[in-house]
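First the structure, in the form of structure tokens, and then the observations on it.
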Amino acid sequence: MYIRAIAFLLTAVSACLLGSGSSSAADSRVTFEKDIRPIFKAYCFHCHGEEKELSGALDVRLRRLIMKGGDSGEAVVPGKHAESLLFQYVESGDMPPDEKLRLKPEEVALIAKWIDQGAKTEGPEPEGDIKPGDFLITSDERSHWAFRPIQKAALPELPQLKKENGKQPLNPVDAFIARKLKQNGLWFSEEADRLTLIRRAAFDLTGLPPAPEDVDTYLADKSPDAYEKMIDRLLESPHYGERWARHWLDVAGYADSEGYNDKDIIRPDAWHYRDYVIRSLNADKPWDQFITEQLAGDEMVKATHATAQKLVDQDPAVCEKLTATGYLRLAPDGTGSSPMDPAIARNQVITETVKIMSSSLLGMTVGCAECHHHRFDPIPQEDFYRLRAVIAPVYDDQKWRMPASRRAALMSPEDKAKAAKLSAQVKELDAEHNKVKAEVTQLIAERVLKEVPEADREQARTAYETAVKERSKEQADFLKQKYPMLDLLVPGRLHLFLARFKDGNDLKKQYEDIKAEADKLRAQIPKPEYIRVATEDTQHLPQTFVFYRGDISSPEKDLIAPGGLTVISSKADNTFELNDPQLPTTGRRLAYARYLTSGKHPLVARVLMNRFWMHHFGQAIVDSTGDFGSRSSVPTHPELLDWLAADFMEQGWQLKRIHRLIMTSRTYKQTSATHSEKAAAIDSDNRLYWRMTMQRLEAESIRDAILAVSGELNREQFGEPVPVALADSGIITVGAGKVSKDRRELKRSIYVQVRRTQPVTMLNAFDAPSMEPNCERRVFSTVATQSLALLNSEFMRIQSEAFAKRVLTTAGKDADDTKLIKTAWKLALSSEPSPAELQALEKNFALQLKEYQTKKAKQPREEALAAVCHVLFGTNQFLYVE
């Protein structure tokens with residue numbers, strides 16, 4: 001059942017993605033705006049309209065421009081596709097000239113049908129003189145669902161739902177879902193049982209299985225709001241922030257290494273940003289504030305490159321805002337390690353940062369407009385550089401700061417006082433050490449001088465006592481040629497001479513004891529930690545220009561102002577000042593952040609809410625979570641998405657409130673069982689949400705769940721990442737597979753170092769994302785290597801043994817086989833095994849026990865139990881949430 005469910009899900013996603021785009025050729029009426037112009041934009045605009053020089057004098061951006069024809073004459077003959085030159089060129093493959101951009105057969109057929117139907121438009125076209133090279137955004141493009149203002153529709157009236165709901169207030173989620181179900185002749189499934197619900201909710205909100213005591217508390221609570229109280233307890237768990245931080249860190253592109261090339265230099269300070277995200281989510285920080293801090297935390301506290309450190313020292317509260325700007329420092333960065341042209345490396349960092357910003361916050365592929373106008377969406381090349389201009393002051397390609405120069409130091413007042421005191425003591429000891437060493441050096445010099453013949457002694461003394469840099473050529477030559485020992489005798493080489501004298505060790509001890517004391521104190525001086533920050537150098541304001549075809553050596557002449565996407569609103573409404581006179585910084589990023597979170601932007605709340613929904617249900621309302629453009633998937637429930645987005649903003653951008661709203665809905669609490677043949681036939685991929693979709697655990701949750709169930713999970717939060725390394729077995733493991741005294745290797749996976757070139761093998765097997773530059777949506781595969789990873793991993797063997805020990809402790813030493821198996825099942829799966837499952841495991845346990853007894857194992861019962869525990873870790877019930 002589990003494999004079939006996943007197969008259905010993958011098929012559904014693929015079908016939805018393939019089905020996006022323009023209308024099919026089977027539609028009865030073909031229009032230029034909806035069907036033909038998107039094809040021409042993808043394949044033809046670059047040469048026929050968007051460049052200042054038209055190829056063949058033909059402009060295909062509007063129907064009326066096509067009808068003018070070009071150098072070859074009339075391009076389209078309405079009603080006669082075979083006689084139309086435009087059709088002949090695309091049908092023969094002569095156009096487009098690039099073989100990689102050939103039109104698909106169905107697209108060619110659609111053009112033929114449009115011409116045969118009279119080559120019509122759906123409505124009037126833009127008037128006026130439209131010159132080649134002008135970027136044209138049509139009213140049809142502006143009316144794309146994602147670009148329209150967010151509207152909060154009235155809740156659907158459904159008597160059946162109200163009747164079933166009784167006295168309980170109607171959940172808005174259910175109202176929209178129920179209407180769509182009703183329209184398709186479907187209805188909700190039954191509510192899942194309590195054990196299923198607590199396991200589902202626990203993994204959803206904390207990424208961990210529910211603790212046995214939490215299960216018992218929930219089952220024992222017979223109050224009407226027992227479920228709601230259970231959800232609230234999970235939301236208050238410190239593990240909530242760890243779980244939901246992982247989702248945001250994916251789209252933000254978080255990594256503990258620079259990436260870019262094989263060196264993949266470590267980022268020793270990136271983890272402060274990760275901890276900031278966890279703390280912010282645990283505190284339920286409003287997302288408008290969360291976004292603003294990440295884009296412009298430095299501007300919020302009026303910090304510049306020159307003043308940031310001083311402000312951190314004066315006010316620890318400033319630290320949080322500056323740490324948040326680490327979001328702008330997450331892109332792969334090879335400027336400190338790449339042998340390639342530095343200018344190219346710098347440009348790549350900026351480009352990747354723009355991509356992260358646009359995909360995480362806007363759900364748009366703005367990066368595709370770096371070299372030319374976007375092939376599919378109404379995004380001119382200028383828009384890419386408008387976003388680039390927003391971040392230009394913190395990524396100044398003319399006065400570039402290497403990664404190590406984009407940091408601020410952190411130290412508590414107590415540590416600062418301690419450091420100052422110890423540093424003063426060390427300074428005194430260092431001075432004393434140098435003084436004694438100089439005295440010993442002089443003592444040895446006197447002994448050496450006594451060995452110099454009396455005739456040369458005074459000259460040798462004068463030459464020696466003259467500073468090396470001040471010696472005349474005559475003095476230098478005299479010492480080198482006649483008395484090289486004196487020439488070499490300086491404090492730095494003193495150890496080479498002491499061995500000649502009986503008291504050499506005693507003399508050496510005089511100054512080395514002082515040095516040892518100084519070194520001991522030096523080691524006790526508190527060291528600062530560093531945060532990666534985005535700050536502006538107010539002494540230099542970089543300018544931004546469009547690079548012709550993306551070539552950094554070919555900037556165009558017109559200065560680009562910072563701003564947002566033109567298709568959203570006019571440039572006058574979303575263009576920001578080059579330099580805000582009210583701030584010590586330019587104010588660009590702060591203005592942009594406030595623009596995004598004003599409540600009027602059509603993309604941000606939709607994009608966020610779509611992802612929140614996906615993390616709860618395993619499928620999004622808009623499947624293309626990182627692309628809300630013209631080729632996006634069609635929203636399955638557009639009014640629901642808009643209602644949630646509007647409500648999210650109206651109610652203070654509070655995410656925990658949205659969790660409660662979604663998770664207390666009937667839609668969320670449904671069983672995942674495919675119990676209705678009718679429903680499965682109508683909606684096999686469950687896009688209407690007539691049941692809950694079964695979900696496989698993410699890679700990190702699998703590892704964390706194994707550690708939690710085995711009892712080995714180190715729940716300590718925050719701090720430096722746990723290093724990864726290449727183990728002797730040739731795989732990348734956490735801490736090279738060894739556990740240190742502090743057990744930091746057993747911390748949750750979010751604290752494991754994220755190396756772009758060295759992903760942990762086990763996490764990688766279960767689709768942990770590669771941050772190149774970020775991951776806007778994870779894939780979930782079902783492949784044989786996953787089973788092999790679970791069967792053959794040393795980590796799995798060790799955790800299975802730990803799990804067995806926990807079972808024996810929990811069940812008691814005198815527990816029989818049945819009790820042991822039931823205890824293991826409950827700890828792993830938060831439920832009781834069925835009679836058939838219990839019988840199968842008892843049989844497996846008996847076979848394993850007999851095998852270990854035959855091999856005369858030291859603890860055959862414990863090892864047999866460990867084998868059973870290993871089996872439980874590999875079951876679908878453990879790896880999937882119903």
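General remarks:
- Taken over region 465-485, the residue count meeting the criterion of being within 26 Å of residue 508 (Cα to Cα), out of contact with any Lys or Arg (no Cβ under 9 Å at 6 or more places or on another chain) and not acidic (Asp, Glu) is 7.
- Output for region 486-527, where each listed residue is small (Gly, Ala, Ser), part of a helix (DSSP H, G or I) and at pLDDT below 80: 492, 504
- Members of region 574-588 that are outside any loop (DSSP other than H, G, I, E, B) and under 17 Å from residue 534 (Cβ atoms): 588
- For region 729-740, the condition of being modelled with pLDDT of 90 or more and among the basic types (Lys, Arg) holds for none of the residues.
- Criterion violated by residue 472 - all others in (1) farther than 23 Å from residue 328 by Cα; (2) in contact with a helix residue (DSSP H, G or I) (Cβ under 6 Å, 6 or more places away or on another chain); (3) of a type in the set (Ser, Thr, Tyr) satisfied: (2)
- Taken together, 648, 617 contain a single residue that is within 22 Å of residue 144 (Cβ to Cβ), buried (at least 18 other Cβ atoms within 10 Å of the Cβ) and at pLDDT 95 or above, which is 648.
- Subset of region 326-343 (residues that are farther than 19 Å from residue 254 by Cβ, touching a helix residue (DSSP H, G or I) at 6+ places or on another chain (Cβ under 8 Å) and in a helix (DSSP H, G or I)): none
- Region 30-58 residues that are hydroxyl-bearing (Ser, Thr, Tyr), paired with ones that are not in a helix (DSSP H, G or I) (beta carbon under 7 Å, 6 or more apart): 31/120; 31/121; 31/122; 43/96; 43/103; 55/47; 55/48
- Flag if residue 408 is at pLDDT below 95, in contact with a helix residue (DSSP H, G or I) (Cβ under 7 Å, 6 or more places away or on another chain) and surrounded by 16 or more Cβ atoms within 10 Å (Cβ to Cβ): yes
- Test: residue in region 125-139 that is assigned to a helix (DSSP H, G or I) and not β-branched (Val, Ile, Thr): yes
- The set of residues from region 344-394 being outside any helix (DSSP H, G or I) and within 22 Å of residue 598 (Cβ to Cβ) comprises 363, 364, 378, 379.
- Scanning region 243-297 for residues that are surrounded by fewer than 21 Cβ atoms within 10 Å (Cβ to Cβ) and small (Gly, Ala, Ser) returns a single hit, 283.
- The lone criterion from (1) at pLDDT below 90; (2) within 30 Å of residue 496 (Cβ to Cβ); (3) surrounded by 17 or more Cβ atoms within 10 Å (Cβ to Cβ) left unmet by residue 429 is number (1).
- Flag if residue 657 is farther than 27 Å from residue 829 by Cβ and surrounded by fewer than 18 Cβ atoms within 10 Å (Cβ to Cβ): yes
- Note on region 720-821: enclosed helices (runs of 4 or more DSSP H) holding 1 or more residues that are more than 27 Å from the chain's Cα centre (by Cα) are 784-792, 794-811.
Let's see how each residue does on (1) within 30 Å of residue 778 (Cβ to Cβ); (2) in contact with a His (Cβ under 9 Å, 6 or more places away or on another chain); (3) outside the structural domain of residue 370 (by TED's automatic domain parsing):
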| residue | (1), (2), (3) |
| --- | --- |
| 515 | no, yes, yes |
| 550 | yes, yes, no |
| 553 | no, no, no |
| 558 | no, no, no |
| 577 | no, no, no |
| 586 | no, no, no |
| 604 | yes, no, yes |
| 620 | yes, no, yes |
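- Some residue of region 101-117 being of a type in the set (Gly, Ala, Ser), touching a residue at least 60 places away in the same chain (Cβ under 8 Å) and assigned to a loop (DSSP other than H, G, I, E, B): no
- Per the listing 631, 657, the residue uniquely modelled with pLDDT under 95 and of a type in the set (Lys, Arg) is 631.
The values are calculated or read from the model by the stated rules, or taken from the named source; none is laboratory data. In this text the structure is predicted, and so the values were computed from the model without any measurement. Please note: Cβ atoms are built from the backbone with ideal geometry, for glycine as well, and neighbour counts cover all protein chains shown.
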